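Notes follow once the structure below has been shown.
The values are calculated or read from the model by the stated rules, or taken from the named source; none is laboratory data. Values in this document were obtained by computation on a predicted structure and should not be read as measured data. For neighbour counting, all protein chains shown are included, and Cβ atoms are generated from backbone atoms with ideal geometry for every residue, glycine included.
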Amino acid sequence: MRSNKNTIDKKERERILSLYKELLRSTSAFRLSNDARLIRKALNVMVDEEKQLSRNNAGELYLIESLEVALILAKEIGLGRTAVVCALLYQPVLQKEITEEEVKQNFDDQVANITSGMVKVAELYAKNTSIRNENFRKLMLTFAQDIRVVLIILADRLRLMRNLNLYSIDDQQRISGEVGYLYAPMAHRLGLYAVKSEMEDLVMKYTNREMYTFIAKKLNETKRARDQYIYSFIKPLKKELEELGLKFEIKGRTKTIHSIWNKIKNQDTEFEQVFDLFAIRVILDSKPKNEKAECWQVYSVVTDKYQPNPSRMRDWISVPKSNGYESLHTTVLGPENKWVEVQIRTERMNEVAEKGLAAHWKYKGIKGEKGMDEWLSNVREILENPELNAIDFIEDFKLDLYDEEVFVFTPKGDLRRLRKGATVLDFAFEIHSEVGKKCVGAKIGNKNVPIKHVLKNGDHVSIMTSNNQEPKKDWLNIVVTSKAKTKLKQALREMQYKEAEIGREMLIRRLKNWKFELNDQMLNQLVKFFGFKSNHDFMRSIAMEQLDLVRIKDFLEKDQAKEQEDERERSAENFVPTEEELPDDDVLMIDRNLTNVDYKLAKCCNPIFGDDIFGFVAASGGIRIHRHTCPNAYDLKTKFGYRVVRAEWTTGNDNMYQATLKIIGNDDIGIVTNISHVIAKEPKVKIRSLSIDSNEGTFEGTLTVFVDKLESLNLLVKKVKNVKGVHSVSRIGTS
């Protein structure tokens with residue numbers, strides 16, 4: 001490979017050589033005699049003349065970037081030479097250093113097709129299509145004629161996350177949002193646990209750095225005690241397993257920072273109260289015919305030694321997960337009466353668990369990439385039959401190019417091509433979504449057939465419709481084409497939306513009679529109190545008369561009585577500016593002089609002067625100001641990024657802002673008085689309310705105050721923490 005000493009420094013040259021050697025070592029297990037030549041040929045495309053000077057936005061050489069992506073594919077995902085070659089060719093084609101036609105001439109058809117798919121995905125990015133847009137996801141996956149396109153994209157995103165510190169803060173937020181919302185779930189769905197876990201941790205590092213650093217520090221501080229506990233847990237098991245003559249490796253594995261954070265959030269607890277920070281993993285070196293028997297042998301040893309929790313036993317060996325995951329899981333009561341998760345699997349199962357279904361070909365006795373076709377077939381089956389409600393784009397991921405086709409005709413003789421197995425209902429949606437929604441059957445020849453009738457080659461189909469017909473949820477079990485599924489889901493959502501709107505109108509009318517006015521805060525309270533997942537579901541339940549409106553009235557009257565009792569001199573609302581157009585500036589500057597923009601401080605997170613904030617254009621008009629750490633921030637940024645507005649505070653803002661703190665401590669006599677005294681001494685803090693719940697010697701309080709700025713609130717938090725008996729003080733409305 002050539003290099004230009006004037007533009008490529010010594011460190012970069014050494015990095016290129018190191019990556020190249022490692023790539024050859026990593027691919028040696030499945031390379032054919034011609035593969036090394038193909039890999040070198042792909043590399044030569046990148047280093048021809050002075051084309052190696054091309055760099056990405058972060059200043060990295062594209063050659064280094066491509067080698068790192070290829071190495072992830074070979075070493076961490078377990079793909080073969082085709083994917084490796086495509087990873088090396090992708091950037092040269094994108095940078096116009098080689099044409100797609102030249103790729104086709106110099107490499108095989110698979111390489112050409114995959115490279116073409118990668119370029120089409122890149123073209124979507126070039127058009128500034130939002131990753132959060134439903135159309136983007138479906139277009140991107142439609143372009144994925146070969147599933148390896150998706151895997152190369154995942155490898156590229158993982159490499160990008162590993163180097164995200166080289167990018168601007170805005171790019172870090174944008175890219176992290178994309179990876180967290182789309183690529184990490186995609187990796188999980190394909191069984192790429194190691195890739196998914198690292199992505200989630202890196203996303204958290206850049207989107208919630210404070211908590212990421214906190215948990216990482218805590219894990220480091222407790223490492224010695226954790227290692228000692230793992231040693232004491234493993235020691236007796238190891239002895240018994242050796243006596244049985246089993247070949248195995250047993251170790252403790254600390255859970256990811258992201259998974260620990262999820263436990264802290266879901267269990268509403270402190271780090272110190274999360275006991276299952278690690279899992280014990282037993283990995284057996286078993287012959288294929290002995291795998292199940294030896295796994296159950298280990299299970300017997302573990303549960304004989306330690307008391308198992310029957311409700312936490314999971315058998316994914318007898319019935320593996322749809323993404324290929326196989327393992328035995330149990331939770332047992334270990335030393336010091338601590339619950340410990342134990343995972344039992346073989347080396348084969350472990351590699352599949354870490355690398356996903358890409359590892360399957362290695363164990364099927366098929367060398368080279370012939371086994372890849374079988375693996376691709378398995379992946380297609382997974383993507384077409386996902387569990388539960390995995391990300392919508394995966395549910396609609398149909399690789400129709402792999403399926404046989406059926407040709408049918410309209411009454412006018414127009415030819416329509418559908419996937420084999422398509423029904424009358426598929427054909428109706430193929431004609432038009434309105435025809436599909438009103439379809440009641442069809443005529444094929446002179447015979448009437450139902451909507452679920454499977455079409456055959458050469459059928460002349462005339463769709464019958466009725467204005468009284470409406471789409472039904474069970475139709476999703478009848479249609480098989482991506483287009484029909486997408487249109488049908490859209491129609492069902494529209495019906496649900498109309499039902500929700502009817503429910504909203506019913507609620508507003510009834511509230512008016514009760515002398516109440518519906519607002520966001522009230523709606524959020526109602527949704528939470530009655531246990532609905534969303535405002536949409538809440539409104540639909542009213543329209544369908546599943547929720548008695550009298551119950552809503554009772555709740556509001558009790559809540560109003562409580563509000564009146566807790567009311568203080570001031571209100572959280574200072575002013576509402578007039579509704580005009582946004583300023584031309586890219587950043588919305590928030591201060592008391594801003595009178596030309598209708599904005600409000602979001603009640604879900606109650607921003608304070610000094611918080612890092614952003615604006616969000618509300619569907620009802622105006623802008624809501626949220627904190628970057630708001631519980632809703634992630635969804636708003638990822639799903640509705642086009643409605644996010646940059647915002648900053650200006651100096652000279654003398655408003656008072658509402659903040660709510662959660663206080664946990666010992667239920668000691670006088671502790672509430674002591675807390676009140678601390679607040680009273682703060683000149684820039686005014687108390688609004690303080691409510692206390694006591695339970696078995698512990699109190700949990702909710703303190704609402706008005707402060708002038710974040711600095712004053714932080715000072716208050718620090719002083720309240722110093723009150724004797726207080727364990728923790730945290731701000732409510734933080735993700």
Residues (more than 29 Å from the chain's Cα centre (by Cα) and at pLDDT below 75) located in the range 612-669
Thr651, Gly652, Asn653, Asp654, Asp667, Asp668, Ile669
When every residue in the range 275-305 that is basic (Lys, Arg) and in contact (Cβ under 8 Å) with a residue 24 or more places away in the chain is compared, the one nearest to Lys338 (Cα to Cα) is Lys305
Which condition breaks for Trp339 when tested against (1) at pLDDT below 85; (2) in contact with a strand residue (DSSP E or B) (Cβ under 6 Å, 6 or more places away or on another chain); (3) aromatic (Phe, Trp, Tyr)?
(1)
Find the residue count for the range 436-451, including only residues that are within 17 Å of Glu470 (Cβ to Cβ) and surrounded by 15 or more Cβ atoms within 10 Å (Cβ to Cβ).
7
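Being assigned to a loop (DSSP other than H, G, I, E, B) and either modelled with pLDDT of 80 or more or exposed (fewer than 15 other Cβ atoms within 10 Å of the Cβ) (or both) narrows it down to one residue among Asn44, Asn57; which is it?
Answer to the selection: Asn57.
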Qualifying position, being crowded, with 19+ Cβ neighbours inside 10 Å, more than 26 Å from the chain's Cα centre (by Cα) and closer than 26 Å to Met204 by Cβ, among Val332, Val340
Val340
Taking the condition of being among the basic types (Lys, Arg) and assigned to a helix (DSSP H, G or I), how many residues in the range 637-686 meet it?
3
Hey, any hits in the range 687-704 for a residue that's aliphatic (A, V, I, L, M), assigned by TED's automatic domain parsing to the domain that holds Lys662, under 25 Å from Thr650 (Cβ atoms) and surrounded by 15 or more Cβ atoms within 10 Å (Cβ to Cβ)?
no
Please find, within the range 460-493, the residue that is surrounded by the most Cβ atoms within 10 Å (Cβ to Cβ) out of those that are small (Gly, Ala, Ser) and not in a strand (DSSP E or B).
Ala484
Counting only residues in the range 265-324 that are at pLDDT below 90 and among the hydroxyl-bearing types (Ser, Thr, Tyr), the one farthest from Val729 (Cα to Cα) is identified as Ser318
Collect the residues in the range 187-206 that are hydrophobic (A, V, I, L, M, F, W, C) and either under 14 Å from Gly177 (Cα atoms) or crowded, with 24+ Cβ neighbours inside 10 Å (or both), keeping them in residue-number order.
Ala187, Leu190, Leu192, Val195, Met199, Leu202, Val203, Met204
Return the total of residues in the range 64-82 being within 25 Å of the chain's Cα centre (by Cα) and either over 18 Å from Val150 (Cβ atoms) or in a helix (DSSP H, G or I) (or both).
11
Just to be sure, is Thr734 under 33 Å from the mean Cα position of the chain (by Cα), farther than 19 Å from Ala680 by Cβ and either assigned by TED's automatic domain parsing to the domain that holds Ile663 or assigned to a loop (DSSP other than H, G, I, E, B) (or both)?
yes
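In the list Asn4, Asn106, which residue meets the criterion of being surrounded by fewer than 14 Cβ atoms within 10 Å (Cβ to Cβ), at pLDDT below 85 and more than 25 Å from Asn165 (Cα to Cα)?
The match here is Asn4.
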Between residues in the range 1-14 that are assigned to a helix (DSSP H, G or I) and residues that are at pLDDT 85 or above, which pairs lie under 7 Å by C-beta distance while being six or more apart or on different chains?
Glu12/Ile64
Would you pick out the residues in the range 691-704 that are part of a strand (DSSP E or B) and either among the small types (Gly, Ala, Ser) or out of contact with any Asp or Glu (no Cβ under 9 Å at 6 or more places or on another chain) (or both)?
Ser691, Ser694, Gly701, Leu703
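From the list Gly436, Gly421, pick out the single residue that is of a type in the set (Gly, Ala, Ser), at pLDDT 90 or above and under 23 Å from Asp474 (Cα atoms). Explain how you work it out, then say what you get.
Working: Gly421 fails: at pLDDT 90 or above.
Answer to the check: Gly436.
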Can you spot a residue in the range 517-540 that is at pLDDT 85 or above and in contact with a Lys or Arg (Cβ under 7 Å, 6 or more places away or on another chain)?
yes
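What residue, of Ile169, Ile175, is over 23 Å from Ile64 (Cβ atoms) and at pLDDT 85 or above?
Of Ile169, Ile175, the one residue that is over 23 Å from Ile64 (Cβ atoms) and at pLDDT 85 or above is Ile169.
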Sole exception among (1) in the same structural domain as Gly413 (by TED's automatic domain parsing); (2) at pLDDT below 85; (3) surrounded by 13 or more Cβ atoms within 10 Å (Cβ to Cβ) for Gln496, by number
(1)
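For the condition assigned by TED's automatic domain parsing to the domain that holds Val301, on the phi < 0 side of the Ramachandran plot and not in a helix (DSSP H, G or I), what is the one hit in Lys251, Lys239, Lys235?
Sole residue among the options that is assigned by TED's automatic domain parsing to the domain that holds Val301, on the phi < 0 side of the Ramachandran plot and not in a helix (DSSP H, G or I): Lys251.
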